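Contents: one structure, followed by commentary.
None of the figures in this text is laboratory data; all of them are computed from the coordinates on show. Fair warning: this is a prediction, and the values are worked out from it, not measured in the lab. Neighbour counts are summed over all protein chains in view; Cβ atoms, including those assigned to glycine, are modelled from backbone coordinates with ideal geometry.
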Amino acid sequence: MVTGVRARTEYWDAVGSVLDPEVPVLSVIDLGIVRDIREEDGTVVVDVTPTYSGCPAMRVIESDITDALVRAGAANVRVNTVFQPVWTTDWISPDARERLRAYGIAPPSGAAAVAGELIPLQRRVETIACPRCNSRNTERRSEFGSTACKAIYYCLSCTEPFEYLKAI
Amino acid sequence: MSLSAYLLRLGDDRLILGHRLSEWCGHGPILEEDIALANIALDLIGQANLLLELAGKEEGQGRTADALAYFREAVEFRNALMMELPRGDFAFTTTRQFLVSVFEVLHLERLQASKHHDLAGMAAKAFKETRYHARHSVDWMLKLGDGTAESHDRAQAALDELWRFTAELFESDDIERQIVAEGIAVDREALRAPWLAEITRVLTAATLKLPDGGFMQRGGREGRHTEHLGHLLAEMQIVARSYPGAEW
């Protein structure tokens with residue numbers, strides 16, 4: 001049960017200044033992992049939902065959020081992990097997707113792939129545009145990349161490898 | 001009590017399999033596969049962390065996920081035996097991952113409807129991750145099975161070796177039946193038929209032969225493990241046990 005009142009704007013701004021350490025063009029609010037910020041009896045409480053179960057950046061993010069709030073004047077901070085609703089890349093805003101692309105990471109394509117066969121024998125062909133040259137003549141090298149949230153692609157037009165933030 | 005026992009089983013399956021997969025780090029056959037195995041290991045260990053934390057909370061004796069992972073003996077682990085078997089060759093690791101991932105996709109799909117709020121949330125997250133794992137392992141089963149004579153033979157040998165450990169995945173007991181009745185856990189026995197159907201479909205496409213029934217090994221859920229678990233734990237636990245309470 002959620003009690004307390006919506007946190008004042010400066011606390012939202014402070015949390016909004018915290019960037020994802022692995023994707024430093026997106027704030028934790030752009031990513032959609034901050035579910036609520038409220039004040040309960042002098043404590044600023046932040047509800048955060050994890051991206052991937054094993055994402056090692058989560059602990060860094062929690063401590064960055066705490067630091068930012070303390071700098072903004074919060075006397076007490078509590079970062080609370082919530083599991084529902086479950087995070088999805090669908091929560092990343094159009095504006096944030098554009099920043100991802102400009103940074104060189106292809107943004108998630110379409111809606112998170114929850115439909116379709118549970119155990120498919122053949123893959124749905126998913127064309128991902130190269131974030132550099134915008135060519136759609138690309139191929140997937142691996143569905144698993146440098147972090148849990150990314151896949152490795154290769155652009156056959158400009159011959160550059162690139163990362164893709166997987167739709168989940 | 002039943003709930004913490006159930007959570008321990010779910011957590012231990014992931015912790016031990018995740019550790020086995022992590023052993024591939026730096027040894028994968030190609031760079032992309034090395035990264036993929038490490039990523040899947042990370043997902044599993046992350047899921048284990050959440051589940052063991054919850055198991056400790058439900059147990060009510062103040063044990064954290066770390067305390068459960070690093071300060072229990074082999075006889076106290078509740079993972080299915082399949083998870084602890086040595087990583088073997090790439091075909092063995094892939095085949096195990098395939099058998100387990102397909103099971104977990106079916107299992108987690110249903111566990112999302114658990115009446116336990118946090119468990120349902122974790123299951124929903126893990127379900128999405130595990131679909132990636134299953135797709136990845138299905139791709140490899142098709143490549144290995146329908147590949148060269150050697151890759152086919154190695155995949156078939158792995159399947160034949162692993163088969164006797166599969167029944168344990170579907171084994172239930174009074175502890176689980178009670179929380180299945182409460183709407184918290186998933187009835188494993190009901191997963192057997194859909195699992196077999198999915199497995200058969202993939203193996204047929206991969207030109208591999210479904211092993212015949214035969215003797216089935218069990219005991220992991222009661223803490224009767226193979227000799228391999230102790231060796232795994234020695235490596236996994238040594239730092240935490242050498243420097244108890246250390247932080248970095």
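State the Kirkwood hydrodynamic radius of chain B in Å, one decimal place, computed from all pairs of distinct Cα atoms.
Answer for chain B: a Kirkwood hydrodynamic radius of 18.4 Å.
If you wrap segment A:91-165's Cα atoms in a convex hull and average its projection over all directions, what's the area in nm²?
Averaging across all directions leaves 5.4 nm² for the Cα convex hull.
Between segment B:1-76 and segment A:33-83, what is the C-alpha centre distance in whole Å?
Each part reduced to its Cα centre gives a spacing of 25 Å.
Could you work out Rg/(2.2 N^0.38 Å) for segment B:73-127, with Rg from alpha carbons only?
1.39
By residue number, which cysteines of chain A lack any other Cys whose Cβ falls under 4.7 Å from their Cβ?
A:CYS55, A:CYS149
Among DSSP beta bridges whose residues both lie in the protein assembly as shown, state the antiparallel percentage, nearest 5.
Antiparallel bridges make up about 70 percent of those DSSP assigns within the protein assembly as shown.
Sorted from largest to smallest, which semi-axis lengths in Å does the alpha carbon gyration tensor of the protein assembly as shown give for its equivalent ellipsoid, taking the root of 5 times each eigenvalue?
For the protein assembly as shown, the semi-axes come out at 35, 29, 19 Å.
Starting from the Cα of B:ALA197, step 7 Å toward the Cβ, then list every residue of segment B:103-146 with an amide N under 20 Å from that point.
Under 20 Å, as judged by backbone N against the label point of B:ALA197, lie B:103-113, B:131, B:134-135, B:138 of segment B:103-146.
Please report, to two decimal places, log10 I(q)/I(0) for chain A at q = 0.10, 0.16, 0.19, 0.21 Å⁻¹ as given by the Debye formula with identical point scatterers on the Cα atoms and no solvent.
-0.44, -0.94, -1.19, -1.37
Please compute, for the alpha-carbon atoms of segment A:5-81, the extent along each of the three principal axes and give them in descending order in Å.
Taking max minus min along each principal axis of the Cα atoms, segment A:5-81 gives 32, 22, 17 Å.
Jot down the radius of gyration and Dmax of segment B:31-151, Cα atoms only, both in angstrom.
Over segment B:31-151's Cα set, Rg and Dmax evaluate to 16.2, 54 Å.
State, to one decimal in nm, how far the label point of B:GLU32 lies from the label point of B:LYS209, with both points 7 Å from Cα in the Cβ direction.
For the pair B:GLU32/B:LYS209, the computed spacing is 3.2 nm.
Using a Cα-Cα cut-off of under 12 Å, which aspartates and glutamates could be cross-linked to B:LYS115, ignoring same-chain neighbours fewer than 8 residues away?
In chain and number order, the partners are B:GLU182.
How many percent of Cα pairs in segment B:15-86 exceed 15 Å?
Across segment B:15-86, Cα pairs with separations above 15 Å total 59 percent.
In the neighborhood of B:MET236, defined by Cβ-to-Cβ distances under 15 Å, what is the net charge if each Lys or Arg adds +1 and each Asp or Glu adds -1?
-3
Which is farthest toward the positive dipole end of the protein assembly as shown among B:GLY88, A:PRO107, B:ALA181, measuring Cα position about the Cα centre, with Cβ charges +1 (Lys, Arg) and -1 (Asp, Glu)?
Final value for the positive-end residue is A:PRO107.
With bins 10 Å wide starting at 0, give me the P(r) of segment B:126-248 over every alpha carbon pair, in whole percents.
Distribution as computed: 10, 27, 33, 22, 7, 0 percent.
Could you identify which residue out of A:LEU19, A:LEU31, A:LEU121 has the top mean-square fluctuation in a GNM of chain A using Cα springs shorter than 10 Å?
A:LEU121
Using the charge dipole of segment A:1-153 (Lys, Arg: +1 at Cβ; Asp, Glu: -1 at Cβ; taken about the Cα centre), state which of A:TRP91, A:GLN122, A:SER63 has its Cα farthest towards the positive end.
It is A:GLN122.
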